[in-house]
Amino acid sequence: MSILDSKIPKGPLAEKWNRHKENIKVVSPANKRKLEVIVVGTGLGGASAAASLAELGYKVKAFCYQDSPRRAHSIAAQGGINAAKNYQNDNDSVFRLFYDTIKGGDYRSREANVYRLAEVSPNIIDQCVAQGVPFGREYGGLLANRTFGGALVSRTFYARGQTGQQLLLGAYQAMNRQIAKGNVEIYSRHEMLDVVIINGKARGIIARDLITGKIKRFGAHAVVMATGGYGNVFFLSTNAMGSNGSAAWQCYKKGAFFSNPCFVQIHPTCIPVHGDQQSKLTLMSESLRNDGRVWVPKKKEDAEKIRKGEIGPNDIPEEDRDFYLERRYPSYGNLVPRDVASRAAKERCDAGYGVNPEGKAVYLDFKYSIERLGKNVIKARYGNLFQMYEKITDVDPYKEPMMIYPAIHYTMGGTWVDYNLMTTVPGLYSIGEANFSDHGANRLGASALMQGLADGYFVLPYTIGDYLADEILTPKIDTNTPEFEQVEKAVTARIEKLFKIKGTKPVDYFHKKLGHVMWDYVGMSRNEEGLKKAVQMIREIREEFWKDVKIPGELNNLNPELEKAGRVADFFDIGELMALDALDRNESCGGHFREESVTEEGEAKRNDEKFTYVSCWEFKGEGQEPVLHKEDLVFENVELTQRSYK
């Protein structure tokens, strides 16, 4: 498929979604019972989709590689979920949330998709309250809101610092209700290894039972990918260790275009790297920037003394502290979007003002909020986050500032989908972080949970019916067909090939090596020379991996190293495509910062004449260069302006 049809409805922006729902097909309740849907992933997107589709009457098979659906990585989200409720009466609206999201994504996302996201956002809060999600409340009992980066209004709903966990428990309980009723079959500790295409349509998956090692076939009338992002290509990231891009990557190799792979988010408030034996990074919620002030010493000699341990942060008087975000961006201050805050921290550290022994950290200081509001107020808002920070660093953030530094977090790129959330493969859908659709080049804080639940609760249950209405005469999918057999053989052959290498180096050796290349050349800043070097280095590491990786244990049994090897093998390919995409996009926008394209003030500089498009990569075969297709982005309701948070 070379021509992309986004299926964006005609008409005024505010009417597109309702008009679309009126014009697409629906499936009757009696026919829904005949149709099966596979949902891969049980995070907020997958769990809400599985629960909603089963509630409608479809038969759902849900898969997760964890031992329980509620261990999906959505549980790690801390700070909140956005919704245009205007509870604070501060002039928020659906359009303002839409505009902030478009602007926050640096004008590289679809207007229609983003407006729909903003439009359904209030429904998410109502749904979750009805499920019993314990959102924070004001004294009078009304739901509380706080501000987040990239917004001048308070629209972020939260459950202390555990918002993702509480929302996931709500979706998990909704799905459990359907499991008890027999409408959802749950397959935990099963990893999808490939998708099966029959007559051009997605008809099932091949999965590996991670306990026994057995390869299994599963059929359905449609397949939904809800498998999250590919941030672990960098090895060190805020993602759970098991998070991976393999499921989406296998879909790409079966014809699903992959969009904007270079758009990766750097989160500004992570606990800095400590030593060289770390396997993941810990995120400190962006909500902390509401009450914490970011600073570094004004004098390099003070920063040097701090790095040597001669003085501490409390020894620096206020007049010698550089609150650089407040200085550079007076309108938004500490609440600038993540990409802006991250680059600003890197710039200060590169200039020699970093405050940890490696010189790669800045302070996030709550001294001023504690003085203004009192310790108990701060403890009520962030107590569990402060406790977590102290356990990890042995520093009490009530007494000393936190140290933070940017780290890889969320991936805005992903599988290309149309307005219905269907990929370029008929019957194959992608929702949540697994697709590219809503965040452009940078995701605003608290919008990931919003998109996952919007897709699962309020978008996919409508749009999937448009496709399944034509499948009601299709019988139950038979997995004893040549197509299933062929894909199973290919999957088995790949696993056996990996296992039989019997090299000398463990999987993590290669993953770390790849991570260093990605961070150094495809990380916070990029340039043509570095990206070309990255492509070459990735290819060399991949070649070494396939010759010298060592996988212990048994082939047909519980074997975490074998699981990891398959995922890292895919990370090499994903990393290469990310570098190629970053090479093609010779502009700076959002999380993609090309050193060749900056303003006089050092900010990201877009090139709207050449790059106002979604990059859509088509797989052409192993060892062959992928083909780039472009979906032009048309802006009818917002003016393309150089993004400014000053």
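The values are calculated or read from the model by the stated rules, or taken from the named source; none is laboratory data. Since we're looking at a predicted model, the values are computed, not measured. Cβ: placed from backbone, ideal geometry, glycine included. Neighbour counts: every protein chain shown. The accessibility values were calculated without ligands, DNA or RNA, using every heavy atom of the protein model including side chains. Shrake-Rupley method; radii C 1.70, N 1.55, O 1.52, S 1.80 Å.
Holding the Cα-Cα limit at 21 Å, pick out from Lys308/Lys391; Lys103/Lys605; Lys500/Lys547; Lys34/Lys201; Lys34/Lys254 the pairs that are longer than that.
Values: Lys308/Lys391 23 Å; Lys103/Lys605 14 Å; Lys500/Lys547 10 Å; Lys34/Lys201 18 Å; Lys34/Lys254 26 Å.
As for pairs spanning more than 21 Å Cα to Cα, those are Lys308/Lys391; Lys34/Lys254.
Would you mind getting the accessible area per residue of the chain, heavy atoms of the protein chains only, 1.4 Å probe, in Å²?
Numbers: 24730 Å² over 646 residues.
On a per-residue basis, the chain sits at 38 Å².
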Unit charges at the beta carbon, dipole of the stretch 263-335: most positive-side option, Ser331, Ser285, Phe263: Phe263
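So what are the stretch 23-130's ellipsoid semi-axes, whole angstrom, largest first, if each one is the square root of 5 times an eigenvalue of the alpha-carbon gyration tensor? Intermediate values should be presented prior to the final figure.
Values: eigenvalues 171, 75, 42 Å².
Each semi-axis is the square root of five times an eigenvalue, giving 29, 19, 14 Å.
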Net +/- balance of residues flanking Val37 in space, Cβ distance below 9 Å, scoring K and R +1, D and E -1: +1
In nm, spacing of pseudo-spin labels at Lys253 and Lys181 (7 Å Cα→C-beta vector): 3.8
For Lys201, residues with placed amide H under 5 Å, excluding near neighbours: none
Net charge over other residues, Cβ less than 13 angstrom from the Cβ of Gly432 (K, R count +1; D, E count -1): -2
The stretch 238-345 - percent of accessible surface contributed by carbon and sulfur, probe 1.4 Å: 48
Distance (nanometres) between label positions extended 7 Å along Cα→Cβ at Asn199 and Asn18: 3.9
On Cα atoms only, tilt of 560-584 relative to the major axis of the chain in degrees: 70
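Quick one: pull the percent of accessible area on the stretch 75-182 belonging to carbon and sulfur, 1.4 Å probe, ligands and nucleic acids left out.
Values: 1830 of 3870 Å².
The C+S portion of the solvent-accessible surface of the stretch 75-182 is 47 percent.
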Global size of the stretch 544-646 as Cα Rg and Dmax, reported in angstrom: 19.9, 59
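Using the Kirkwood formula over every pair of different C-alpha atoms, what hydrodynamic radius in Å results for the stretch 222-269?
Details: mean 1/r = 0.0828 Å⁻¹.
It works out to 12.1 Å.
Go through Lys32/Lys61; Lys300/Lys646; Lys214/Lys502; Lys360/Lys564; Lys59/Lys216 and tell me which ones have a Cα-Cα distance over 23 Å in this structure. Could the numbers behind the result be given before it?
Numbers: Lys32/Lys61 14 Å; Lys300/Lys646 25 Å; Lys214/Lys502 21 Å; Lys360/Lys564 29 Å; Lys59/Lys216 19 Å.
The answer is Lys300/Lys646; Lys360/Lys564.
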Angle between the chain longest axis and helix 528-548 axis [Cα atoms, degrees, rounded to 10]: 50
Segments 7-17, 151-161, 393-403 sorted - mean Cβ within 10 Å per residue, highest first: 151-161, 393-403, 7-17
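Kirkwood hydrodynamic radius for the chain: how many Å is it when counted over pairs of different Cα atoms? The partial results should precede the final answer.
Details: mean 1/r = 0.0400 Å⁻¹.
Computed over Cα pairs of the chain, the Kirkwood hydrodynamic radius comes out at 25.0 Å.
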Estimated dipole of the stretch 459-591 in Debye, rounded to 20 [Cβ of Lys and Arg +1, of Asp and Glu -1, Cα centre]: 760
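So how do 518-530, 35-47, 301-313 stack up, highest first, on mean other-Cβ count within 10 Å? Kindly include the intermediate steps, with their values, before the conclusion.
Details: 518-530: 19.0, 35-47: 30.5, 301-313: 15.3.
Listed from highest to lowest mean packing, they are 35-47, 518-530, 301-313.
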Shape metrics for the stretch 193-238, restricted to C-alpha atoms - Rg then Dmax, Å: 13.9, 40
Gained length - Asn89 relative to Asp608, 0.36 nm times residue gap less alpha-carbon distance: 183.3 nm
Dipole in debye (nearest 20) - the chain, about Cα centre, beta carbon charges: Lys, Arg +1; Asp, Glu -1: 1460
On Cα atoms only, tilt of 338-348 relative to the major axis of the chain in degrees: 40
Dimensions in Å of the stretch 433-584 - Rg and Dmax from alpha carbons: 20.3, 55
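Give me the extension gain from Glu639 to Lys512: residue separation times 0.36 nm, minus the current Cα-Cα distance, reported in nm with one decimal. Don't skip to the end; give the middle numbers.
On the way: separation 127, 0.36 × 127 = 45.72 nm, distance 4.23 nm.
Additional length available on full extension: 41.5 nm.
Starting from 0.36 nm per residue, how many nanometres of slack lie between Glu138 and Asn556 once their C-alpha separation is accounted for?
Numbers: separation 418, 0.36 × 418 = 150.48 nm, distance 5.45 nm.
Full-extension gain reported as 145.0 nm.
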